[in-house]
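A single structure is presented below for examination.
The values are calculated or read from the model by the stated rules, or taken from the named source; none is laboratory data. Quantities reported herein were computed from a predicted structural model and do not represent experimental measurements. Because the Cβ atoms are built from the backbone with ideal geometry, glycine has one as well, and the counts that use them run over all protein chains shown.
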Amino acid sequence: MNRRTLLALAALLPLPAVAQSVSAQDKADIARIERYLLTLRTLRGRFLQIAPNGDTSEGAAWLQRPGRMRFEYDPPTPFLLVAGYGGVMFHDRKLQQTSTFPLSQTPLGILLSDQPKLSGDITVEGIDRQPGMVQITLFRTGHQGDGSLMLTFAETPLQLRQWSVLDAQRLETRVSLFNITLGETFDQKLFDITDPRTQPGGAPGR
């Protein structure tokens, strides 16, 4: 597997940090984010990914909770990422190489879980509030050394706009979402992790 493939996978591989004390405002925001994730059923849009070395790539994204996501990278980036049925498939069309791994071992497992709960198996490291947005940083309880995941939400109304993965080597991969449409119905073939040739169901406009 080449370096570009590894950099793309960095955004999705399993999630160092010591959780800080949680204030009343933090608890309220955590509860609000949990409610948002619970009510988020489908999302379609465009994404911009920035790799640790500064390389950028764009594409179309489909998300369906629980458990399904598709990232279709624009040429010349030859990647396809599909999450569905408890697994994740990463396909390099140029090299004709496909990797699969459990969804539960990736940050996507937090976003796509049927009952999102930011406690127990997930530890909230901290919450940062800035005008118009709120950021929450998470890691898998007992696995701080694997890295952390930061979710960024636009305020009023609350809407997921970005996530960043900081891996064990302190390398960050950032994914931003834009041109977002909610509440659509998708062809379930989009989330077939057994066939990397699965065709997209109509990419959102750029």
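Which residues, counting only those in the range 88-110, are of a type in the set (V, I, T) and outside any helix (DSSP H, G or I)? Lay out the reasoning, then the answer.
As a first pass, look at the range 88-110 and keep what is of a type in the set (V, I, T): 88, 98, 100, 106, 110.
Passing the criteria: V88, T98, T100, T106.
Quick test of your reading of the structure: L80 fulfils all but one of (1) loosely packed, with under 15 Cβ neighbours inside 10 Å; (2) farther than 18 Å from W163 by Cα; (3) among the aliphatic types (A, V, I, L, M). Name the failing condition by number.
That leaves (1) as the condition not met.
Taking the range 128-151 as the search range and keeping residues that are of a type in the set (V, I, T) and surrounded by fewer than 19 Cβ atoms within 10 Å (Cβ to Cβ), which one is farthest from I33 (Cα to Cα)? Spell out the reasoning first.
So the first thing to find is which residues in the range 128-151 are of a type in the set (V, I, T), and the list is 134, 136-137, 141.
In the following step, the residues that additionally are surrounded by fewer than 19 Cβ atoms within 10 Å (Cβ to Cβ) were identified as 134, 141.
Values: V134: 10, T141: 18 Å.
Once the filter is applied, the top-ranked residue is T141.
Another question, if that's okay. Could you tell me whether R170 is exposed (fewer than 13 other Cβ atoms within 10 Å of the Cβ), basic (K, R) and at pLDDT below 90?
Numbers: exposed (fewer than 13 other Cβ atoms within 10 Å of the Cβ): yes; basic (K, R): yes; at pLDDT below 90: yes.
Criteria met by R170.
Also, quick follow-up: Are there any pairs, at least 6 apart or on different chains, whose C-beta atoms fall under 9 Å, with the first in the range 28-47 and under 18 Å from R129 (Cα atoms) and the second of a type in the set (S, T, N, Q) and modelled with pLDDT of 90 or more, and if so, which?
Cβ pairs passing all conditions: Y36/Q159.
Could you grab me the full set of residues in the range 48-87 that are of a type in the set (S, T, N, Q) and in a loop (DSSP other than H, G, I, E, B)? Walk me through it before giving the result.
Start the filter on the range 48-87 by keeping residues that are of a type in the set (S, T, N, Q), which leaves 49, 53, 56-57, 64, 77.
Result: N53, T77.
Another question, then. Could you look through the range 32-69, keep only residues that are modelled with pLDDT under 95 and among the basic types (K, R), and pick out the one that is nearest to Q188 (Cα to Cα)?
R68
Looking at T137, T152, T156, can you tell me which residue is of a type in the set (V, I, T) and in a loop (DSSP other than H, G, I, E, B)?
Values: T137 fails: in a loop (DSSP other than H, G, I, E, B); T152 fails: in a loop (DSSP other than H, G, I, E, B).
Just a single option satisfies the conditions, and that option is T156.
Restricting attention to the range 66-78, does a residue exist that is β-branched (V, I, T) and out of contact with any Ser or Thr (no Cβ under 7 Å at 6 or more places or on another chain)?
Filtering the range 66-78 down to residues β-branched (V, I, T) leaves 77.
With the extra rule that they be out of contact with any Ser or Thr (no Cβ under 7 Å at 6 or more places or on another chain), the set shrinks to none.
The answer is no; no qualifying residue exists.
Restricting to the range 104-127, and then to whatever is within 15 Å of G86 (Cα to Cα) and surrounded by fewer than 13 Cβ atoms within 10 Å (Cβ to Cβ), can you tell me which residue is modelled with the highest pLDDT?
Checking each candidate, the answer is D114.
Suppose we filter A19, A24, A11 for residues that are surrounded by fewer than 18 Cβ atoms within 10 Å (Cβ to Cβ), at pLDDT below 90 and in contact with a strand residue (DSSP E or B) (Cβ under 6 Å, 6 or more places away or on another chain); which single one remains?
Details: A24 fails: in contact with a strand residue (DSSP E or B) (Cβ under 6 Å, 6 or more places away or on another chain); A11 fails: surrounded by fewer than 18 Cβ atoms within 10 Å (Cβ to Cβ).
Checking each option against the conditions leaves just A19.
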